Every structure is written in structure tokens, then in C-alpha cells.
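Okay, structure first, notes after.
The values are calculated or read from the model by the stated rules, or taken from the named source; none is laboratory data. Here the structure is a predicted model, which means the values were calculated and not measured. FYI the Cβ positions are ideal-geometry reconstructions off the backbone, even for glycines, and counts take in every protein chain you see.
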Amino acid sequence: MLTKRIIPCLDIKEGRTVKGVNFVGLRDAGDPVELAARYAAEGADELVFLDITATVEKRKTLVDLVRKVAAQINIPFTVGGGISSIQDVSALLNAGADKISINSSAVKRPDLINELAQEFGSQCVVVAIDSRFVNNEHIVHVNGGRTPTELRTIAWAKEVEQRGAGEILLTSMDSDGTKAGFADELNAVISELVAIPLIASGGAGTMEHFFTTFTKGKSDAALAASIFHFKEISVPDLKAYLRTKNIPIRIEK
Amino acid sequence: MSLVIIDYNAGNVQSVTYALQRLGVEPVLSADPEVIQKADRVIFPGVGEASTAMRFLKERNLDSVIKSLKQPVFGVCLGQQLLCAHSEENNTDCLGIFDVRVMKFEPLLKVPQMGWNNLDNMIGPLFKGIEEESYVYYVHSYYAELSPYTIATTNYITEFSAAMHKDNFYALQAHPEKSGKVGERILQNFLDIK
């Protein structure tokens with residue numbers, strides 16, 4: 001049976017892992033390759049690397065990092081952050097990334113989704129959507145969730161699918177950092193609306209939250225950062241718990 | 001041991017290269033028929049679309065090269081599909097090593113199948129040391145139907161050929177290079193085939 005995926009997210013700044021809460025109080029958390037290898041060994045199903053390096057110049061270190069990760073890690077991984085062209089994507093995929101994720105650049109120029117799907121195949125194009133509930137509507141935000149757009153989240157999710165996205169990574173900015181649970185209602189609406197997998201992100205605080213995102217939230221995968229980094233929940237414990245709740249989960253034999 | 005990965009512009013083969021290097025093998029990426037024919041082992045990878053891949057192979061005469069190979073050959077992902085007779089993906093005639101059709105999943109669940117699923121009913125040396133129901137990583141919208149060549153099955157929407165074998169040809173729908181320890185063992189088993 002196809003399993004639900006547990007995806008730790010690593011925030012990368014200038015080639016190093018950083019930890020913080022809502023990007024505040026960032027501190028160095030070591031070598032991303034070592035951390036990635038640890039997560040893979042613990043049974044993570046995929047990894048996401050989110051580059052939060054501010055300048056384009058310093059982002060070039062990302063390709064080197066991707067090459068090192070790909071040489072050592074035997075599970076799939078996605079790279080996101082500041083990707084806005086076919087050239088960016090080509091460099092990352094050739095270095096060994098399995099998928100890339102785009103966010104603000106897709107909002108700015110939606111044709112980018114079509115172009116990437118055409119050039120590299122939908123399977124490697126993840127569209128990340130940051131959503132916030134404003135005036136009784138779910139609205140797409142950009143620039144790390146700070147800037148509202150004109151786009152409604154549900155309509156945008158359908159549009160990115162039609163344009164060729166292979167997967168949607170939906171972060172609820174209302175839930176993010178709260179540890180009060182994933183945005184199950186919104187996730188369920190979108191997961192049922194589209195025929196591509198939905199990765200739920202934002203709000204993980206307990207193991208029960210993962211159970212509800214896979215049941216009530218109908219998500220195909222769940223992403224979290226801080227609870228794994230700060231070892232509040234370990235991947236093996238989480239997976240064992242989900243198994244006891246009859247969620248299809250991979251445990252490597 | 002000399003191992004050639006057939007280079008035919010079918011997606012990113014860097015991950016396959018890295019996975020083999022982790023097993024201590026330095027693969028050669030080549031589209032040269034002579035280099036391919038002389039290799040001890042051949043891996044036929046692929047990510048992408050069937051008709052484009054077949055056109056590319058035919059333009060370089062690699063279709064007849066692949067069919068003529070006598071050493072162990074391992075078709076992976078799209079490589080497995082192209083070793084079949086025909087694919088529903090753009091109604092493409094394929095290499096025909098396996099007299100099997102490649103079908104599109106009925107969209108009863110999300111398509112593509114993306115993620116980890118079980119290997120069941122495993123037979124033969126490719127799966128030596130791998131426990132029943134072990135997980136491998138899939139990304140695909142098309143599948144090879146069950147046949148007498150099937151040496152492992154997976155169930156997603158329908159039961160399909162997770163792996164196939166005929167003579168010196170082996171094939172796997174999943175991505176062994178991304179399937180953790182299980183995938184590494186499958187690759188090692190392919191290297192160990194006599």
C-alpha cells in the first residue's frame with residue numbers, strides 16, 4: 001500500500017543548517033549533509049531543503065550542497081528557495097536534486113510552472129503555497145508569507161495543478177509556528193480538489209497532529225521542521241505511533 | 001567490473017551514478033554502441049516520456065543495440081516500460097524484450113503514484129535478502145501489466161509488475177537509487193548476478 005510520507009524540512013542559510021522559530025533567533029545547527037543523513041537513517045521518507053540565503057551571490061553554494069547531499073543520501077529530496085528560472089532548476093537537478101519547489105516566482109509568473117513541467121516533467125515540480133486566512137478567505141502570500149497577493153488559495157491550487165505542478169506543498173501561515181496542528185480543513189478541501197499529492201506544512205506539535213492531517217486533513221505527506229530539529233518528536237517514534245493508528249507508514253526492515 | 005549507464009538524455013542519471021559509487025562501482029555514462037556492448041553490466045535508466053525516449057534511442061540506433069545485448073541489463077523506471085512491447089503513453093511501440101503492455105493508471109487514486117509502496121511476490125536473485133513487503137520509492141503514471149515475466153508485484157489502483165525478468169534482462173519500476181537500503185540491496189544484487 002502506498003504510504004503516507006514524513007518529511008523533515010531543513011532550513012539552509014549560506015550552506016549551513018539553521019534553526020529558529022519563525023525565522024527569528026536563527027542559529028547555526030551544523031552541517032546539512034550530516035543532519036540529512038541522520039534523518040534518512042531514522043526513516044524519513046523524503047527531505048526538503050529550503051534555502052533562505054538572502055543574496056543571489058551566496059546562493060551559488062546551494063548547488064554544491066545539493067551535490068554533496070545527493071552523493072550521500074539514498075532517499076528523495078526537494079530543494080526550494082529563490083528558484084525562478086529554467087537555468088536554476090537545471091543546475092539543481094543536474095547536481096542530483098529529485099524535485100525543486102517554487103513559490104513566489106510561480107505567483108509572479110505562473111507560466112514558469114508550465115515551462116518547468118514541459119522541460120523537466122511534472123514529477124519534479126513542487127509548487128509551494130503559503131496561505132493565510134484574511135477577511136474570511138484563504139489568501140496566497142509571498143515573500144515568506146509576509147506579503148498578501150490577489151490570489152485565493154483554493155483557486156491557485158487548482159491552477160498550479162492545471163499548469164503542470166506534480167505536487168503541492170501547502171503551508172498554513174495561520175498554523176505555522178503555533179504547534180496547534182495542521183490546517184486540516186483547508187488541506188482536505190485542496191487534497192480532494194486536486195489529483196496530485198498534497199504535502200501539509202505548518203502547525204505540527206504532537207504526534208496526534210500527524211494522525212489528523214493524514215485522516216481529517218486527507219494529506220499525502222506531512223512536513224515539519226522544528227519539532228524534528230529540537231528532537232521534540234523523533235521520526236522513528238512518530239512512525240511507530242502512526243502504525244499503531246493504522247496509518248500506512250514505511251518502516252525500513 | 002565495468003558498468004555502463006546508457007546515456008540517452010532521459011532525465012537525470014546523477015542519482016543512479018551516486019548510488020553505484022556508494023556500492024563501490026564507478027559507472028561509465030555512454031551512448032556509444034561499442035562501449036555499451038563491451039560492458040559487464042548495463043543499466044538502462046529513464047525519467048520522462050516514452051515516445052520522446054524511443055525516438056531518441058532509434059535516432060542513435062540504440063534500440064537495436066539494447067535488443068542485442070547478452071550481458072545482464074537492468075531497466076529502471078521508464079527503462080522497464082521501454083523494454084516492454086507497447087506503451088499507452090502517446091501510443092508508443094517500445095523495444096519488445098517483454099511481450100507486455102504498459103498501461104496508464106485509471107485515476108481512481110492520485111496519479112502519478114508518488115511515494116513508498118511495498119514489493120510483494122518477489123522471485124529470484126534480484127531480491128536476495130529482501131524481506132516480503134519491503135518498501136521502494138515510486139514516481140509513475142504508467143505501469144507494466146502482470147505477465148509470466150513478473151518477478152515482483154506492487155498494488156496501486158491495480159496489481160502491476162514491480163519487476164520483470166527474461167533471459168539477461170531485468171527491470172524494476174521503482175527507483176532503486178532512491179529507495180534507501182532496500183534499493184541499494186537490489187542494485188547490489190544486480191551487480192552480483194552471474
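Looking at A:A183, A:A165, can you tell me which residue is more than 29 Å from A:A29 (Cα to Cα) and crowded, with 24+ Cβ neighbours inside 10 Å?
Sole residue among the options that is more than 29 Å from A:A29 (Cα to Cα) and crowded, with 24+ Cβ neighbours inside 10 Å: A:A165.
Of everything in the stretch A:70-109 that's in a loop (DSSP other than H, G, I, E, B) and more than 14 Å from every other protein chain (Cβ to nearest Cβ), which residue is nearest to A:L47 (Cα to Cα)?
Checking each candidate, the answer is A:G81.
I'm trying to understand the selection: among the residues of the stretch B:20-42, which are under 19 Å from A:A70 (Cα atoms) and either without any contact (Cβ under 8 Å) to a residue 24 or more places away in the chain or not in a loop (DSSP other than H, G, I, E, B) (or both)?
Correct list: B:L20, B:Q21, B:R22, B:G24, B:E26, B:V28, B:L29.
Starting from residues that are without any contact (Cβ under 8 Å) to a residue 60 or more places away in the chain and in contact with a helix residue (DSSP H, G or I) (Cβ under 9 Å, 6 or more places away or on another chain), keep the ones in the stretch B:95-109 and report whichever is nearest to the other protein chains (Cβ to nearest Cβ).
B:V102
For residues that are on the phi < 0 side of the Ramachandran plot and out of contact with any strand residue (DSSP E or B) (no Cβ under 8 Å at 6 or more places or on another chain), scanning just the stretch A:89-107, find the one that is surrounded by the most Cβ atoms within 10 Å (Cβ to Cβ).
A:A95
Tell me whether the stretch B:11-19 contains one or more residues that are more than 16 Å from B:F190 (Cβ to Cβ), part of a loop (DSSP other than H, G, I, E, B) and within 14 Å of another protein chain (Cβ to nearest Cβ).
Scanning the stretch B:11-19, I find at least one residue that is more than 16 Å from B:F190 (Cβ to Cβ), part of a loop (DSSP other than H, G, I, E, B) and within 14 Å of another protein chain (Cβ to nearest Cβ), so the answer is yes.
Could you tell me which residue of the stretch A:220-234 is modelled with the lowest pLDDT, considering only residues that are in contact with a strand residue (DSSP E or B) (Cβ under 6 Å, 6 or more places away or on another chain) and within 19 Å of A:P32 (Cα to Cα)?
So the residue we want is A:H229.
Within the stretch A:238-253, work out how many residues are over 21 Å from the mean Cα position of the chain (by Cα) and either more than 14 Å from every other protein chain (Cβ to nearest Cβ) or not in a loop (DSSP other than H, G, I, E, B) (or both).
Of the residues in that region, 6 qualify.
What is the residue count in the stretch B:173-194 for residues that are under 10 Å from B:V136 (Cα atoms) and more than 14 Å from chain A (Cβ to nearest Cβ)?
The number of residues fulfilling the criteria is 0.
Within the stretch A:50-61, track down each residue that is crowded, with 16+ Cβ neighbours inside 10 Å, hydrophobic (A, V, I, L, M, F, W, C) and either modelled with pLDDT under 90 or in contact with a Ser or Thr (Cβ under 7 Å, 6 or more places away or on another chain) (or both).
A:I52
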